[in-house]
Every structure is written in C-alpha cells, then in structure tokens.
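As structure tokens, the structure follows; a few thoughts come after it.
The values are calculated or read from the model by the stated rules, or taken from the named source; none is laboratory data. Because the structure is predicted, anything quoted here is derived from the model rather than measured. Note that each Cβ is placed from the backbone with ideal geometry, even for glycine, and that neighbours are counted across all protein chains shown. Just the protein is used for accessible areas: all its heavy atoms, side chains included, with ligands, DNA and RNA removed. Shrake-Rupley method; radii C 1.70, N 1.55, O 1.52, S 1.80 Å.
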Amino acid sequence: MKENSEQIIDKSLKLAVCFFIASAGLWLLAAAFFAYIASAKLTDPFFLSSFELFTYGKIKLAQANAFVYGWGGNSIFAVTLWVVARLAQAEARGKVLLLFAGSIWNLAITFGLLGILDGHMTPHEMLEMPVEVWPALFLSYGIIATLIIVVHRSRRIKDTIAPQWFLLASLLWFPMLFLIAWNGLEIDAARGTVQSVLSMWFGQNVIWLWLTPVALGSAYYIIPAILGRPIDKYYLAVFGFWCIASLAPWSVVHHLEGGPVPMWIPAIGTVMSIAMIFPIAVASTNFHATAFQDINKVWNSLPLRFVIFGTLSYTVSSYIGVVFSLPAVAKITQFSIINEFHFNQRVYGFFSMIIFGMVYHMLPRITGKEIAKSAKSFHFWTSAFGVLVLLLAYLIGGLTHGVLAQQPSLDWASSVISSVKPYFLITEFAFIILAFSQLVFVINVWKAIIPSPFELLNKLSLIKKGAT
Amino acid sequence: MNNLLKFAVGIFLTLAFAWLAFVVGARVQFGDLSPISESLDEDNEIPEDADLFPMPQPGLAELGSSEYLALGCSTCHTQQVRMVESGFDVERGWGKRPSMARDYIYQKHVMLGNTRIGPDLTNLGTRILDPEWLHKHLFEPQAVVPESVCPPSPFLYEQQEFSSDHTIDLFDEENNSSRHLIPSSRATRIVAYLQSLKQDYELPEMAFIEEPDAIDLEEISTSVSDLATNEMNLESSALPTWLSQQITSGKEIYSKALPGGGMCVACHQQNGQGLPGAFPPLAGSDWVLGDKERLIKISIHGLQGEIAVNGEKYVGVMQGFGQPLASPLDDQQIADVLTYIRNEWGNSVSSISPEEVKAVRDSEKDRELTSMWTAAELNNFDN
C-alpha cells in the first residue's frame, strides 16, 4: 500500500501528538475539578474547609496553573507540532526525545501543583509553582521547542504564512518572557513593587503572547484548510501580527491603575490597550469575512464551529476588554471579579474552544479513527452553553461587585459580597456543566487514541491465525 | 519573515522595548528607594533623629507573611490603597492615604493582589486591634462575620474541652456552647503579620488625605438632613430645633461608615432590633434608656462579655468608638448618636449633650481607650 506524503508525516507525528493531546485532556479534567471546588467554596465556605489542601487560595492557583501549563502547554505542543510539520511538509524528528521531554514537562507540572497545594508557592502571577520545578519545565520546553523548530527549518516551501508566524512567535516568546521574569524575580531579585510590575507583566503576557497567538495561528490554518478558500484580505494579517507583537507587551500593565507604582506605568498600559483595537479588528476581519462566505459549511463542520465560536468570542470580549481598560471604567471594575471574566474568556471562550476544534480536526487524520458526530456535537453545545453562562455571570457579577464596592457606605460582607453571592452560585453551576463537557471531550479523545481492547484481541487472533 | 533568525530577533525586540520600560526603567526609577522621615526639612533633607519609615517587618510578622502567602490569601485580598482619583479606597476607611512604592521596600513577599473578594488589608493593623478577634476570624470567619466567604482555617488550631488561660473561647449562639481554641505557631505568625499591616505614617511624597472630599460629603449630608428634618418636622413639630438637629445628625452617624460614622446599623440594624443571638437590640433596651453614664462609657471604650438585654443573654464584643480607630467619634458625634438611639423605635428619653460625654471622658482619662468594659465591671461601679 502506498501512502501519500501527508499520511507519512502524520504517522511520524502520531506518537508525540497523541501523547500531548492525551495529557492535555487529563490536565483539563484536573483544572475542571479544581475550578469546581474553588467555586463551590465561594458559595459555601465550609465545603471541605477542614482540609488545608483544599483551602480556597491554593485550589484557585492550582486551577489556573493546571489550566495554563497543563492543558495550555500540552495542547500548544500538540497543535504547533502538527501544524508546523504539515505546513513544512516535513516529518517529525526525535520522537523519543519529544516523548521524554513531554514526560518531564508533565511531571514537573505535577510536582509544581503538589508544591502549591503543600504551600510552597511563590507570590508571582503565573509563576506560582515552586522555584524548584522551573528549571525542569524550562529544559523540557527547550527540547520540545527546538525539535519543532528543526521540523520548521526543514520545510520544502521557503515562504512562510500567517499560521507559522503566530505559532513560532508563541513558541519563542514564552522562553524569552520566562528568562526575563526569572532574572528579575529570582536571580537578581528586584525589591518592593518593582517585583509586582514584573510579575504582573509576565502573568498577563503568558496569556497574551503564549496562548493567544497559538489560537490565532490555529484559526489562520484551519479556516482556509476546511473551507478550501483563501483568507479574505490576507494582506492585513502581517499588519495584525506585528501589531500584537508590538502592542500586547505594553498593554498588559493597566491592571496597576492607581496602585503603588509610578503613574506612567499604568498610563502607558491604558493607551496601548486601547490601541489593541487594531489587531483585534484585523484578526476578526480575516476570520469572519472568510467564514461568513460559506456559513453552512462552518456550521456543518464541527471543528470549524468550535473555531468560529472561539474567534467570535475573541472579538467580542477583546472589545469588552478595551472598554474595561478605560480609566473611568477601570476605576469601578479594577479589583472586581471582572478579572475572572477576562481570564476565562481568554483561556476558555477563545483558546480552549479553538484547541477543541483543532484536536477534532487533527485526531482523525492522525489515528485514522473518526469521532462520533453526536459526541462532538454534545461537547460543543455543553461547552458553548457553559462558557456563555460562566462569562455572563462573571461579567454581570463583576459589574455589580465593582459598582457596590465603590460605595464607601456599604458594609463589605453584608452588602457588597452578599450581592455578588448569587453570581458565585451561577458560576458553580457553569463549572459543573463545563466539567461534564470536558469529560466528554476527554472520552472522545482517549477513545480515538487508545485502541479498544476488542480490536487488540481481534488483531492478536489474526496474527495467530496467520502464524498457524 | 522567512528567515527564522531575523524573525526571532524581530519579535524579541518588540518584547524587549516593553521590558526596557517596565522592568529596567521601573527599576532605575524606584528600584532602590530607601526609608525616609515623615516630612523633610527646608533643605529637603531628613531631619536629625527623625523616625524613618517604613520600618522593617518584625520577625514574627515576616514569618507570618510566608504563611499568608502559602494559604493563598492574596487571591481575595489586595494590599494597595489606590490613588484618590482611582477609587474610593480612602473613603472606605482602608487607609488614611494611598499606598506608595516606598511602603513595600522591606516586604519579603509583595502581595499587591488583583481581586478584592475580601476587603483590602493594607491597614488592617490599624483597623482591628484585637488579636483575639483575628484568631477567631482566622479559625472561622463566619463565627464573627456571618455572611463572610473568607475561608475558615480550622487546621491551624487545636481544640480542647475546657477554657483556660491559653485558649481563645468562641461562643456559638446556636448551640449555646463554646469552643476553646489553642492557636498553633503558624496561626500566631499569621496574626502577627496581620497586625503588622499598617501604613499609618506620612511620607514626603504622600500626606494623609484630609477628611476625604469634605465638601462632597457635607453636600450629601445636608441633603439627607434636609429630608430628615422635613420628616421630623411633620412627625413631631414640637421638638426644639437643637434636639431635632442632634437627632438628624445622630441618625446619619448611626448608618454611616468610617470616617465620621459608627456603622451601628451593620450590627444593631435599621430597626434597632439587632440580630437574635448575635447583636443585642437597642429598642427598649435598659442599656440605652437607663443610666447615661454607663451608656457613654460603653460607647467610648466598648463592651465585651456576657450581658443581658431585654431578658435575653448576649455574648459579644463591641469596640469602642472613642478609641483610635481609623477616625474616632468626637464628643459631639457620640452625643448625637446616643441621643438618636434614645429617641427612635419608640424610645423617647432625655438627650445627651457633648458636655456630658466630655465629663465621662475626663473622669475615665486613665483608662486606656482600647480597654473594653464588661457588664460585671459596670455593675460594680453602680454599687
């Protein structure tokens, strides 16, 4: 049997990509579990309160880290590796090394989360895992990134296109960010609130420069691939890319508005956040102008439906984000649970939805097994519903929280927090739905990856028959 | 963009610009601040033998900050009082002035935080002076603030069957029983840390904010009192103006938060009935209607321990309003609020004048403002 070149490439990727997707799925479940516990604790503070392990602060941070590094990291590796190899038309190298580095990455995160739960966290945003695990994380990341770059360098076509820029940039940005933060926080530690500026800069950039470009790159890849038509106004993409590259690193510090740092720091952040309108507009024009030319096909292809949900939510909520960075509004919402809205819309409504779509696109090609349409569609509807409920609750709850907190005469616990409690209850409900939906996703994925025992038996008996 | 190296350099540069500004620039500008006196002399020098601020954290508090960090308390609590134009933190009584970069130079872990599900803790140490309250709150916040969502930390305490010198006794109204807590060393460290949280000094770059927006508040209060006076005039036009003024101002103090208010409403409620089992009623209470001196005393110094009101037993703590909280009530304000509670919800007895409050204050000037009265003590005095 003769295989075409794409099949050969997919075969070379199978082991590593399946490994990353499978582990990403498990982290997603872990994060869902933590998210549920944390939200349940806000509605009933006595829930599991006698276990120190489950105290709110620890669970909350474990959730964010499991989500970003466990689910985010692994799925970034899977998607980047596959898309880069496909576009380069080159086979993966160093499969064993990839698996090895991947295992270290996952082990390091496991220890990191245990460290957080055991009370060894650092006070730095998105760097909460204990200092000891970071060298291992960095090393394994380095190996994986190098191997992906090796694939990219052996590409057949010299010219690169939008998905490659976004994916490779994200691949390179993370270690740069990490080294800068590590230098300023651990090696040559800054004092006082300089630390806070740096850690906030890192924490927000992990979302903006690591997760976001991967999702954008994936969308630039998958939309034309499935629809079979080029990206509309593709010439804008390069402008959009450099806009994000040059604005995002500046825009992330507006969260320090009014805080104990020199005024220019949040002021620049605010201006740059408003300028982010341009790259957001570019991406959404590219995606949606292309997708809406053939909306039936988008609707009927589940992977694409996930991706377009993601890009739409990116557009809408990024604009909301711009509004919330205006000083007059920021004053009200700055410390409210609106922050949860921003985090969840970015990592959930946008990043995860696009990754779900990518995984459903990649897996059948790699494993040769189709995933049942009904299962995918169930996953889509529960996710979409859960995400919408979650985001709306955080948005309205956040506004309520912010507005009431601005009234000095209201008592904190009995007026402000009591009015927000109903929204905590809604988020708890949303997290249950999402946990359920993610369970379906993981089952879908694992079913495709792991050969079912019956098939194995069949094969075995065939081999035996052949032998006799 | 086809050459990977050039591409990498390009995206590194975009990042590096921001890094230069925020990290290197910030560090050069305020990375090596040093402690300073509250104000500078004419030559912009630190005056001789002036105290320097901020002061280093006490050792126990520094240990406590690591425990606080380990429990993830900063996921819900910020430690930054924002600039006046960026929010109402100062008005809320969370600090007498906005926080400055210099305030944080000695902190081992800087935990500015970004979400306020709980109140800001920058100045907790000036707000809550009673370590026992902090222990109770740490053990089970809901025991002292029923609606709280602050997570309980029972694992930091051991419990024993009986009360002793080392225990903190937490009375449970529902079961009419007490729990006796022995704090672990971790709990003690955390409480030491919480008590150490204060930015109660001025800095040359930031003085205390005087009576926040005095004009605005006055405007609001006159409009409120206009309304109230109208009401009052309708109800009881017989009241002399000075009395109705005192009552109006007292009503405002009753429901206003610090500064300038007592927030009595948070505990004793709008209807003066308190909360069964937790806060005693003021309507029809002997303590309110009876001996003026006793009433003034508990308003200035506070009241703790078991008391009986209208035949029901209550055990609780009320901090005094004369003690140096963020801003204590003065004689006039105490007189007003007491006159108000003596003439509301069906109560109707004589008013209390500022002079009477001053007289009690003078006669008790040896008593520390933070030492609360107990019912037993007061009743002995009566004898």
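Here are the numbers for the structure shown:
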{"read-out": "Surrounding net charge for residue B:161, when Lys and Arg each add one and Asp and Glu each subtract one, Cβ distance under 13 Å", "value": "-1"}
{"read-out": "Nearest-ten-degree value, helix B:241-255 long axis tilted from longest Cα axis of chain B", "value": "50"}
{"read-out": "DSSP-assigned coil residues among chymotrypsin sites (Phe, Trp or Tyr not before Pro) in the stretch A:226-260, each with at most 11 further Cβ atoms within 10 Å", "value": "A:235"}
{"read-out": "Ranked order, B:166, B:301 - accessible area, probe 1.4 Å, largest first", "value": "B:166, B:301"}
{"read-out": "DSSP-defined beta bridges in the protein assembly as shown - what % are antiparallel, rounded to 5", "value": "90"}
{"read-out": "Sparse-neighbour loop sites [trypsin sites (Lys or Arg not before Pro); the stretch A:369-452; at most 16 other C-beta within 10 Å; DSSP]", "value": "A:369"}
{"read-out": "Neighbour net charge for residue A:238 - beta-carbon separation under 15 angstrom, K R +1, D E -1", "value": "0"}
{"read-out": "Which of B:345, B:287 is most accessible, then next, and so on - probe 1.4 Å", "value": "B:345, B:287"}
{"read-out": "Shape category assigned to the stretch B:266-383 from the gyration tensor of Cα positions, a/c cut at 1.5", "value": "rounded"}
{"read-out": "Where A:381, A:446 fall by accessible area, highest first, once all protein chains stay in place (1.4 Å)", "value": "A:381, A:446"}
{"read-out": "Low-density loop cleavage sites - GluC sites (Glu not before Pro) in the stretch B:30-113, where at most 14 other Cβ are within 10 Å (DSSP)", "value": "B:42, B:45, B:48"}
{"read-out": "Area accessible to solvent at residue A:149, 1.4 Å probe radius, in Å²", "value": "40"}
{"read-out": "Mean separation of Cα contacts under 8 Å, 6 or more apart, over the residue count of the stretch A:1-112: relative contact order %", "value": "45"}
{"read-out": "Gaussian network model of chain B, Cα within-10 Å springs - most flexible of B:14, B:241, B:78", "value": "B:14"}
{"read-out": "Karplus-derived HN-Hα couplings along the stretch A:176-181 (A = 6.51, B = -1.76, C = 1.60, θ = phi - 60°), whole Hz, x at Gly and Pro", "value": "4, 4, 4, 4, 4, 5"}
{"read-out": "With Cα atoms, 0 to 90° folded angle of helix B:354-363 axis to chain B main axis", "value": "80"}
{"read-out": "Length-normalised contact order for the stretch A:5-467 - Cα pairs under 8 Å, 6+ apart - percent", "value": "17"}
{"read-out": "Amide H contacts under 5 Å for residue B:282, placed H, 5+ residues apart", "value": "B:273, B:274"}
{"read-out": "Phi-based couplings in Hz for the stretch A:150-162 (Karplus 6.51, -1.76, 1.60; Gly and Pro marked x)", "value": "4, 4, 4, 5, 8, 5, 7, 9, 6, 5, 9, 10, 3"}
{"read-out": "Nonlocal amide H pairs with residue B:172, under 5 Å, H built at 1.01 Å", "value": "B:177, B:178, B:179"}
{"read-out": "Residue-level accessible surface for residue A:285, protein heavy atoms, 1.4 Å, Å²", "value": "50"}
{"read-out": "Amide proton proximity set for residue B:373, modelled H, under 5 Å, gap of 5+", "value": "B:302, B:303, B:304"}
{"read-out": "In order through the stretch A:224-232: 3J(HN,Hα) via Karplus (6.51 cos²θ - 1.76 cosθ + 1.60), integer Hz, x for Gly, Pro", "value": "x, 4, 7, 6, x, 9, x, 5, 5"}
{"read-out": "Normalised contact order of chain B, rounded percent, pairs of Cα under 8 Å and 6 or more residues apart", "value": "13"}
{"read-out": "Carbon + sulfur, % of accessible area of chain A - ligands and nucleic acids excluded, 1.4 Å", "value": "70"}
{"read-out": "Alpha-carbon centroids, the stretch A:372-403 and the stretch B:277-344: separation in whole Å", "value": "49"}
{"read-out": "Using alpha-carbon coordinates, inclination of helix A:193-205 to the longest axis of chain A, degrees", "value": "40"}
{"read-out": "Cα centroid of the stretch B:1-66 to Cα centroid of the stretch A:278-302, whole Å", "value": "44"}
{"read-out": "Area accessible to solvent at residue B:169, 1.4 Å probe radius, in Å²", "value": "60"}
